[in-house]
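Take a look at the structure below.
Values in this text are rule-based calculations from the coordinates and carry no lab data. Note that the structure is a prediction, hence the values are computed from the model and not measured. All Cβ positions, glycine included, derive from the backbone under ideal geometry; neighbour counts span all protein chains shown.
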Amino acid sequence: MTTKYLKKKINELTQGTSSNSAKLDTEISESLHPNHFTVCKVVRHGFPFEPTAMAYDPVQNILAIGTKNGSLRIFGQPGVDCHERHDSDVAIIQIMFLINEGALVTVCADNSLNMWNLRQKRPAILHSLKFNKEIITYCHIPFQSKWFYIGTERGNIHIANIESFTLSGYVINWNKAIELSRKTLPGPVIHLSDCPTDQNKLLIGFESGTAVIWDLRTKAAENRFNGAQPIRSISWHFEGRQFMCSHTDGSLSCWDIKSPSKPISVTYPHGKVAVKGGKPVDPCAPIMKVEWKSAKLGEPYVIFSGGLCQEKGGTGTPCVTIIQGKNTTVLEMEYPVIDFVSLCETPWPSENQDPHAILVLLNNDLVVIDLMSPGYPCFENPYPMDLHESPVTCVQYFADCPADLIPVLYSAGSNSSRKKTSYSKKNWPIKGGQWGTGGSSDQEIIITGHADGSLKFWDASQVTLQVLYKLKTAKVFERGKQHKSLDGDEEPYAVQKITMCPDSRILLVAGASGHLLLYRFSKLEASCEITSLEISIVYEVEDPDTPETELPPMPTPNSLKRNTSTLSAESTAGISNNVPPPAAPPSPNPSTGAHKPSTSSGEGMRDGVPNLKVKSGLQKYTMGYQPDLCCQLLWTEGEPPPLVTCLQINSFYGLIAFGTVNGLVIVDYIQKTCLLHMGTPNLYGSADPYQRTPRSPKKPKVPQSLGDIVEQLTDSERSRQATGAVAAAEQPNGICVSPTGNNSKKMKSVTDGKLTRSKSQTSSRRVTKTQSNPCDTGANGDRDKDSADASGVGGIFSGLLSQSRSTFSLFGSQDRSESSFTQSRSSSMSSLDRESKEGVQSLYFVESYARKTDPITSPCLWVGTTLGSTLVIVLSLPPPGDQRISQPVFVSPSGTVLCMKGTILNIAFLNSNGGLISASTEAWKDMNYEQKEGEREKKKPSMPPRVPRISPSASTEMADRQFAVITSEKESKVISLPSQTCAYRAKIAESSYVVKADVISMPNKELCLACYIANGHVVIYSLPSLRLLLDYDFVPLTDLRVGRTFQFSAHGKALYQCSPTEIQRLTVCAEHSNSLHDMLGDLFIPCTTPEAPSRGFFKNLFSVSSGSLDRQELFGENSGKPSRSIAKHVPGTAGMEAVKAQSQTVGGEIARTKLELIKRGEKLSETEKRTSEMMQNAESFASAANELMKKQKNKKWYQL
């Protein structure tokens, strides 16, 4: 009987589970499929990280920059920006444009040459030439030549064909170039160029100081120039008679090609020479590059980098020097100079160049100097290259903002920024390329946080970035004696976390010193005093000291504990009229020093003090974001404030919440008070699944003041305590409430400055420590079970992890350096350490079911921890309007604990139809709209009516109405609410871990779960069924910066910081990827090459040229076959766009051929018609002639 009954129940349970799953499958339809997803890089913003080379096309007006890791950035006019990368991470040592031909060649450190096709949206490699036995040092492509020169470290010069990318049999060996009497190698080739007026002459510069003019036809050296110092660069005069060399000793030497014995002049532009013609007294820095450019009007320009006098052991100040006649201008640079290029209108080297600007590539910036304006001002850079003006510490991406947000931010930024008149008034000289025809209709904003405490708002709606607004958070704090940040660096204001409510325009910023700032947007200037809340979170694990007595563990609290304020006796008496105030211990005598004041670092151990000091008094703020509240975590017994790990704001509730590595804080920013601050273990109450027994108990601390034991309780809560107020003080289990209430009196300001308020706030509080009590026991179980519910105070926990495991927190380390992206994942940490260091990693405000038995939804805060627990805190909010300001906010635990593997990374909610349940928001209101005599008047917020709470009908009383999507670093679960049963589950990472997870919407409004895994994979799951839709191997987590800044956003868009100076945007939507071709700009625009300069009679008469050079005859097949062991040709793929372009070209050719055939047929038919007409005319003429002949046949000659 019993066996049959059990089998029956098992069958019922099995059928119920299968029917439930079937019900979910039939009710929620999913329209997303794998073909809707792909991963594609969109565009890269910022300054190229670690640049190594630069080139410029003077006809197409485009700029190319190569980097140390093989990246290639090509810039045109603002809005035309392209990024490509070589297959291997090798440095680009040189870039050469095929001027006005839509191609360029890169020379890499792995001795390879790569030709890139720029006639397509995405440039790709057409050919590669890999040298095997020699190291490439310098290359040169003559203008409009099909052959280019390759110099090597041994001093040899090879010649290759551009079209086929194969070597020629023509080789210039180093032993033939130098003098026969020389016994040493000339060194690497550092310069190659043909004479501007004679293509037959090739100028070769060796590092040792020797320069050679090589006759290509005779295959012999014409002249050799032996300098005393090593050469760094060479530049021709446009007439082709002289050239100038720069040397390592800071000198410039000028040579005449007809006088190789000695230079015309040797000068030290920045050296102090005691004797004329001698060496300078102080050593000078090397002149790394020199350019000798002629001007149509005035003296020629001599432009060079380096050469300044340097102190002993120094390297000299980075600079660019411009010499024109007797005028010398030194432009000091902020960063080392990598390269510079003079911008000229003509590409012909034999013509007056007449430069109008100088492109200077620095190690961390791009500077463009205007040569046509007095004083040589700089152009204002329109590219977002100041992204790293201060190092980027965090990034936030909003891909679907309200339409009015970007205009107001731009207006605020334009009003706050001062117009700089030092910039050149001319147009930006790099004006090549063409914008894309397509674009995105989304309003996108990127917010970057920086190490100096500043925030930059960027308009990312199009391909390019445009700065909108800049906010400096450091202005909130005093600039006196600065403390270092919590990790000891020199950036105490560094921004760590950013979140924003786009609808209400409320901004929340967390900093490196344990501070959090709340900003409100205003269109008016205002003078206000900042409200400051000082908060301390302490969860103490006792040190292994030998106690004097053994004490039993403290009783476990049944609800969240509030111990936040120090109240005066008269204020305490007014809390409740029915319950007498608790018996307070005798006040400490100030003379005895029982109550120790807060100490600073200068007085010894810091305790109870913040890391920064907020400015006091009224402060004036311009239009834009204005600070409204500052929360600061305090030092505790020499320990720095904990690191803020997550932020959440809800403008509809008027609450903010932020988690730390050891606890949670909830703040009511409308009433400017802290509702809750306590360690993570205390959030469980009696439902704690872990045994957190202290290592060795200590004596309980004697309370030093009334504020250490007083608990704020409501009348109903006090009436439920039979032991009275004294028992409540001994065992504080009260509910966290907002301190404002109808029965509470106005509190006097305390003198220790723990909490300061603006003039509109009359009550002040001092924040004290919150110390957790050890729990009696903890429930252990199998954490791998699908049953993820553990509800009720003191309820049964299932699905808990029993074995020891390491705690991983994505940002849960006190170390804020790049290397501290994760905590140690090893299993050597003891279970007590792991449990005691449990932090809060994710937060979410939502109207949801807090317990299994809840019939309707209520405002909740869902909390995800680093140990895989998800806790639910119930929020009791007063009605909107005046009551919201005057009545308290209640915060109480629900007892619900949901357990998973790994750190909880994301929490989201779906309704019964599979739609996203987003948090309610409040519309933006300008709090400074009404002002009287410069003092802000506090406006009562008129909150919109609450969303009706979901309650089951009579027919569906027990049906689940919501789904909670909880994702950890190992798995994801879809949990039905209110039953708290696991509907779907997916294991995301087995051997790796999830770095970032988010529920995002696609363009068709469908939802999916997007995850970035540490092994580099981007995976997409459907919702709610958690079907795998995409698994793409993208970018492995080799750089911790990628994981720290990876952000998913709406419509399948994402971004991450790929280098300290660059941000990479991408998309996982196939629709966006297909339209990307139209969004990107064109790099190559067909245009006519300027005509060659006309040569007059006298120029031809006195020219050094010996006629035109047929390079094909010299370097072609007649030169012989090259050695196969020198280099290997590697054909390039040129990408799919090349195939498309080729197909389009072929289609166009076919269409043109067809049109020509039609025209030809028409012409042939016309010709045939004319031919027939001519034949008819000929026949008529023949008949007429025949008749005439017959008529005149019998006539005599005299009858004619």
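Here is the list for the range 379-431: trypsin sites (Lys or Arg not before Pro) lying in DSSP coil, each with at most 12 other C-beta atoms within 10 angstrom of its C-beta, are 418, 419, 420, 425. Applying a DSSP loop filter and a limit of 14 other Cβ atoms within 10 Å to the trypsin sites (Lys or Arg not before Pro) in the range 974-1019 leaves 1005.
Each principal axis of the Cα atoms in the range 972-1114 has its own extent, and those three values, largest first, are 99, 33, 31 angstrom.
Cα-Cα over 31 Å: which of 276/425; 472/1053; 472/996; 472/973? Beyond 31 Å between Cα atoms: 276/425; 472/973. In order along the range 354-369, the phi-based Karplus estimate (6.51 cos²θ - 1.76 cosθ + 1.60, θ = phi - 60°) of 3J(HN,Hα) comes to 6, x, 10, 7, 10, 8, 10, 9, 9, 5, 9, 6, 10, 10, 10, 9 Hz; Gly and Pro are listed as x. Remark: the range 345-397 projects, on average over all directions, an area of 6.0 nm² (convex hull of Cα atoms).
Applying the Karplus relation 6.51 cos²θ - 1.76 cosθ + 1.60 with θ = phi - 60° to the range 1170-1178 yields 3J(HN,Hα) values of 5, 5, 5, 4, 5, 5, 5, 5, 5 Hz, where x marks Gly and Pro.
The peptide list 240-250, 122-132, 214-224, put in order of mean Cβ contacts within 10 Å with the highest first, becomes 240-250, 122-132, 214-224. Taking amide H atoms as placed 1.01 Å from N in the peptide plane, the amide H of residue 194 lies under 5 Å from those of 203, each 5 or more residues away in sequence or on another chain. Contact order for the range 232-341, expressed relative to its length and based on alpha carbon pairs under 8 Å spaced 6+ residues apart, stands at 20 percent. Under 8 Å for C-alpha pairs, at least 6 residues apart: give me the relative contact order for the range 351-474, rounded to a whole percent. The normalised contact order for the range 351-474 reaches 25 percent.
In this structure, the amide hydrogen of residue 37, modeled 1.01 Å from its nitrogen in the peptide plane, lies closer than 5 angstrom to those of 1070, counting only residues at least 5 positions away or on a different chain. Work through the residues other than residue 401 whose Cβ is under 15 Å from its Cβ and net out their charges, Lys, Arg +1 and Asp, Glu -1. So the surrounding residues net to -4. When you count the other C-beta atoms within 10 angstrom of each residue and take the mean per peptide, 851-858, 1188-1195 line up highest first as 851-858, 1188-1195. So, in Å, what gap is there between the alpha-carbon centers of the range 1003-1042 and the range 42-88? Centre-to-centre (Cα) distance: 29 Å. Once the C-beta distance of residue 110 and residue 987 is scaled by a Förster radius of 35 Å, the resulting FRET efficiency is 0.30 to the nearest 0.05.
Under 5 Å between amide hydrogens, built in the peptide plane, is the criterion, and for residue 339 it picks out 361 among residues at least 5 positions away or on other chains. Phi angles across the range 853-866 convert, under the Karplus curve 6.51 cos²θ - 1.76 cosθ + 1.60 with θ = phi - 60°, into 3J(HN,Hα) values of 8, 5, x, 10, 7, 8, x, 9, 10, 8, 10, x, 10, 6 Hz, Gly and Pro given as x. Over 25 Å apart at the Cα level, from the set 497/672; 672/901; 293/431; 176/279; 121/1005, are 672/901; 176/279; 121/1005.
Sorting 658-668, 608-618 by average packing, meaning the other beta carbons within 10 Å per residue, from highest down gives 658-668, 608-618.
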